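Novice: Dropping the structure in here first, questions after.
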Amino acid sequence: MKYLKIKRLFRKYLSDKTAPEEGQLVEQWYDKLDKRAPIQLSAAEEQALEEEMWKRIEPMLSAPQRSVSRLYTYISVAASIAVLVLAGVLYQKRNKAVEQKTADVSELFQDYYTRTGERKQLRLQDGSVIAMNSGSHIRVYPDFSKDRRVDLTDGEAYFDVQHDPAHPFIIRAGKVTTHVLGTAFNIRAYKELNEISVAVTAGKVQVADTLHTIGVLEKQQKLVFDQQRETFAIQHFTEDVAGWKSGKLIIRNVSFEEMALLLEKNYGITLTTSNAGIRKKKFTASIPSSLSATEAVEIIASIFKLKMKQGGDTIELYR
């Protein structure tokens, strides 16, 4: 009776008809099986095992003189073996389903990362090129049959997109989506920063937030989007927004927090200050990426007439 109940429970679980408590019991059983070597039987071996168990149980059912406790022992052992066989088969089926699901997901997109101070260039199947700045994460969806999709989930990247009107190039970065036919532009969307910027160096792009289209950006135009307030500004720019590609850290009229983040991503240091006046300043500088972290901060301190104090990987600026 116990075996039949367990067998019914597994069948309900496979057909997704279990109550929450029943499903939890089966999941706990699977967790225990994770620590054991799975039972692997062929169809013929399963049939042979079933017939052997029945041979042992049937004589006892027709022999009333035998001990009830002995009969119960045989039935319990046989039921336990049968449950293990059934659970082993289910365990293998579930693992195969999980492995298949993982394989399916890996075919949907590919992730690319850059470490501190590292820069990387990707060439996509359509010929488009993505240059990744330090500390960035990009997700590429390889199915280009309808459109070409990329997520800039963290960091900064420069896109040189091949012209293809039939397959628009779409980049999602935080709350901003950029639609492209063929052009070149830079997107900065570090998770730690509230603002996202899209700067066009050639061609045109259409930008939108989560609710509506913002507008079209042309060459030398830049969108600055405030994710917290969900406001934006479109500006003209003259600076080299992709100067980082040629080994320079270019900061232009940025807050102390943004400057500190860029130094951390490029040089692996933590920049701090306890001075409220320094925190309110806007910073502009061009620093070769080949310099050491200390030398980079020395340049900033020299430009803005600040003092610095270093302890390990942390540098403090003060007056």
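Novice: Please list, by residue number, every one of the GluC sites (Glu not before Pro) in the stretch 118-201 that is coil in DSSP and has at most 13 other beta-carbon atoms within 10 Å.
Specialist: Answer by residue number: 192.
Novice: Check which residues have an amide H placed less than 5 Å from residue 122's amide H, if you skip close sequence neighbours.
Specialist: Under 5 Å from the amide H of residue 122 lie the amide H atoms of 130, 131, 132, each far enough along the sequence or on another chain.
Novice: Which part of the stretch 176-202 falls in the paramagnetic zone of residue 257, meaning amide N under 14 Å from the point 7 Å along Cα-to-beta-carbon?
Specialist: Backbone N within reach: 190-196.
Novice: Here is a further query. Please work out whether the stretch 127-240 counts as rounded, prolate or oblate from its C-alpha gyration tensor, where a ≥ b ≥ c are the square roots of the eigenvalues and a/c under 1.5 means rounded, while otherwise a/b larger than b/c means prolate and anything else oblate?
Specialist: The shape class here is rounded.
Novice: Then there's this: Which whole-Hz ³J(HN,Hα) couplings does the stretch 201-216 yield from phi under the Karplus relation 6.51 cos²θ - 1.76 cosθ + 1.60, θ = phi - 60°, glycine and proline marked x?
Specialist: 10, 7, x, 9, 9, 9, 10, 8, 9, 6, 10, 7, 6, 7, x, 10
Novice: Label-point separation (nm) for residue 206 and residue 272, each offset 7 Å from Cα along Cα-to-Cβ?
Specialist: Taking the two extended label points, one gets 4.8 nm.
Novice: Which residues does the label zone of residue 219 cover in the stretch 239-259, counting backbone N under 17 Å from a point 7 Å along Cα→Cβ?
Specialist: 239-242
Novice: For the stretch 113-159, what class follows from the C-alpha gyration tensor (a ≥ b ≥ c being the square roots of its eigenvalues): rounded when a/c is under 1.5, otherwise prolate if a/b is larger than b/c, else oblate?
Specialist: Note, shape of the stretch 113-159 comes out prolate.
Novice: List the trypsin sites (Lys or Arg not before Pro) within the stretch 114-158 that fall in a DSSP loop (any state other than H, G, I, E or B) and whose Cβ has at most 14 other Cβ atoms within 10 Å.
Specialist: Counting only loop positions with at most 14 other Cβ atoms within 10 Å, the trypsin sites (Lys or Arg not before Pro) in the stretch 114-158 are 115, 146.
Readers should treat all values here as calculations from the given coordinates under stated rules, not as data from a laboratory. None of these values were measured; they are calculated from a predicted model. Note that each Cβ is placed from the backbone with ideal geometry, even for glycine, and that neighbours are counted across all protein chains shown.
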